Amino acid sequence: MISAQSHQQPLSGNKISQVLLTAIGIIAIVLFSSCELFKPISQGNPTDTKPDKEELDPIQGRRVYDPATGTYVLVQNAPTDPMDTVKWRDIPSSIEPPIYSTSAPVAPGPGGNPVNPIGVGEGNSQLLSSYNVSVVLPFLSDRYNSIDRRIAPNSTWALQFYNGMEMAFDELSEEGVALNVTVMDSKASEAEVTNLARSNRDLNEAHLVIGPYLRSNAAILANKVRSTGGVLVSPHSASSAVSAQNPNYIQVKPTLESHCQAIMQHVLANYKYDQIVLVAINDPNETMRFDYFQREYERLNGLTNTQPLKRLTIDSTRLDMQSTDLKPWFSFDRETVFIVPSWSKETFIYNFLRKLDLDRGQYQQVSVYGMPQWMDYERIDFDYYEKLNVHVSSSVFLDDLNPDIRAFKRRYYERYGEIPLEEAFVGYDVSKYFSKMLKRFGTKFQLQLEQNPEQLLHTKFEFQPIITPTTTGGMEFPQVERWENKYVNILRFQNYRFNKAE
């Protein structure tokens, strides 16, 4: 058995036996209706020829609301921690038997509920009596430390996500949605996911696959469903380069380009183009993002009467901003809007905001638009966020005043004895939305995504097909690259918290 050293504090609230039962349960087959088991079919040869592009890591909050104290608390083992930084060591399996993923047969109940065709929908979508759903998440069961009797800290994301899924599946079962759900551990390993894609019978006959976490593993499963005819819903990866020309791939997290487009749309709805200043470090990886904003500005203006947006690049050797004069960039009679599509260097963002506040005149107004990672910064004085009217884009927004959010938190706490993180809400929303789409429209439900937007707990789903022209027919015969949720929340920092911007 492979285990991992862990310095996590002892679990509170939950007994270790409960954790073990949870760990075993989440990687075993879970049936939500009596049905026959999946049968293996052959797999095609996966291909992925599209080069990598820049990926925006979606925000995963470290600060969560504690209903007991009415305050926000810092989560030490937040899911932003790297997933592959745990130190490994071998321990004898005789000390304590390891936990294994299993696809052992589970007998259907009396009468059974086999997957039978009951009709044909649009685009030859098959309507069935029940649907096979495979869940592939990084539970890291192979890293369970049996000496300290603690689970791997980096499995938090998967455990919270699956807890949300479990709550959704229970509700779907009560609503008569027949799903045959199997759960597998990706172990955050390309080798493990590749092996599952090649030989696992459940994946071979899955109509819907949800997961995994890492982009490289999502690419493996995206190519898998392209050959089997299933549909992969990726809940985490925000990359635009997971799988080329794959209409069976659905991306829940908006890409970096979508974030930039949403920011530009919000800015132009409230300001004129000549009030805008784009800001980035003088590095190609950062300055290339300017093009996203320029193209969206031109698109919104119908490609007519568009001027180049003002651009400010900061020398990478002068990120302390001491020698940078920002006074010429301010307007005396109108508010100035600085858009800063940068997040990798927190010290730069801090120094830029501090210098903005120092250089502006007493009556000069300013707004700053930044990226979702800004909400996780720990060293920035949030007074600057307040004074400089900071806005950020985000794929997740949880309104603590929303009664549905409060009810979910209460149910989750009563069931699991802990506060739900963002990924619990995402797991719940993803499972409920796509299971209902599967039930309503059948195996090719993705063809109906664009016509079925829905406001959910953590965000709104507004899926669009990402179209690329073919080499022979241009846009006359378009190819669906993937389906992407294009909805991005724009949040404003006001009264020392982020709220939905008007």
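Right, residue 453: more than 19 Å from the chain's Cα centre (by Cα) and within 27 Å of residue 166 (Cβ to Cβ) or not?
For residue 453, the condition - more than 19 Å from the chain's Cα centre (by Cα) and within 27 Å of residue 166 (Cβ to Cβ) - is not met.
Restricting attention to strands (runs of 3 or more DSSP E) lying wholly within region 463-502, give those where 1 or more residues are modelled with pLDDT under 95 and under 17 Å from residue 239 (Cβ atoms).
Where strands (runs of 3 or more DSSP E) fall fully within region 463-502 and carry at least 1 residues being modelled with pLDDT under 95 and under 17 Å from residue 239 (Cβ atoms), they are 463-470, 474-485.
Any idea which residue in region 393-408 is farthest from the chain's Cα centre (by Cα), counting only those that are part of a loop (DSSP other than H, G, I, E, B) and farther than 14 Å from residue 422 by Cα?
Checking each candidate, the answer is 401.
What's the number of the condition residue 234 fails, among (1) free of Cβ contacts under 8 Å to residues at least 24 places away in the same chain; (2) crowded, with 24+ Cβ neighbours inside 10 Å; (3) farther than 21 Å from residue 461 by Cβ?
In the conditions (1) free of Cβ contacts under 8 Å to residues at least 24 places away in the same chain; (2) crowded, with 24+ Cβ neighbours inside 10 Å; (3) farther than 21 Å from residue 461 by Cβ, residue 234 misses (3) alone.
Which pairs have Cβ atoms under 6 Å, sit 6 or more apart or on different chains, and link a residue in region 315-340 that is under 17 Å from residue 388 (Cα atoms) and free of Cβ contacts under 8 Å to residues at least 24 places away in the same chain to one that is of a type in the set (Gly, Ala, Ser) and surrounded by 14 or more Cβ atoms within 10 Å (Cβ to Cβ)?
Listed pairs, sorted by first residue: none to list.
Looking at region 360-371 only, could you name the residues that are of a type in the set (Gly, Ala, Ser) and either assigned to a loop (DSSP other than H, G, I, E, B) or farther than 26 Å from residue 459 by Cα (or both)?
Matches in region 360-371: 361 only.
Criterion first (more than 13 Å from residue 430 (Cβ to Cβ) and among the aromatic types (Phe, Trp, Tyr)) does residue 169 satisfy it?
no
Among the listed residues 426, 396, identify the single one that is β-branched (Val, Ile, Thr), modelled with pLDDT of 95 or more and in contact with a strand residue (DSSP E or B) (Cβ under 9 Å, 6 or more places away or on another chain).
396
Filter region 322-347 down to the residues that are crowded, with 20+ Cβ neighbours inside 10 Å and hydrophobic (A, V, I, L, M, F, W, C), then identify the one that is farthest from residue 375 (Cα to Cα).
In this case the residue turns out to be 326.
Might you check whether a residue that is over 30 Å from residue 339 (Cα atoms) and either in contact (Cβ under 8 Å) with a residue 60 or more places away in the chain or out of contact with any helix residue (DSSP H, G or I) (no Cβ under 9 Å at 6 or more places or on another chain) (or both) occurs anywhere in region 384-400?
no
Results for (1) part of a loop (DSSP other than H, G, I, E, B); (2) within 29 Å of the chain's Cα centre (by Cα), shown as yes or no for each residue.
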site	(1), (2)
342	yes, yes
348	no, yes
353	no, yes
358	no, no
373	no, yes
379	yes, yes
384	no, yes
391	no, yes
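Do we find a residue being part of a helix (DSSP H, G or I), modelled with pLDDT of 95 or more and not β-branched (Val, Ile, Thr) anywhere in region 224-233?
Yes: one or more hits.
Can you find a residue that is assigned by TED's automatic domain parsing to the domain that holds residue 125, part of a loop (DSSP other than H, G, I, E, B), at negative phi and touching an Asp or Glu at 6+ places or on another chain (Cβ under 9 Å) anywhere in region 190-213?
no
If I go through region 477-500 residue by residue, how many of them are among the β-branched types (Val, Ile, Thr) and closer than 17 Å to residue 243 by Cβ?
1
Taking the condition of being surrounded by fewer than 20 Cβ atoms within 10 Å (Cβ to Cβ) and in a helix (DSSP H, G or I), how many residues in region 434-451 meet it?
Of the residues in region 434-451, 5 are surrounded by fewer than 20 Cβ atoms within 10 Å (Cβ to Cβ) and in a helix (DSSP H, G or I).
The values are calculated or read from the model by the stated rules, or taken from the named source; none is laboratory data. Bear in mind the structure is a predicted one, so any value in this text is a computation, not a measurement. Ideal geometry is used to build each Cβ from the backbone, glycine not excepted, and the neighbour counts take in all protein chains shown.
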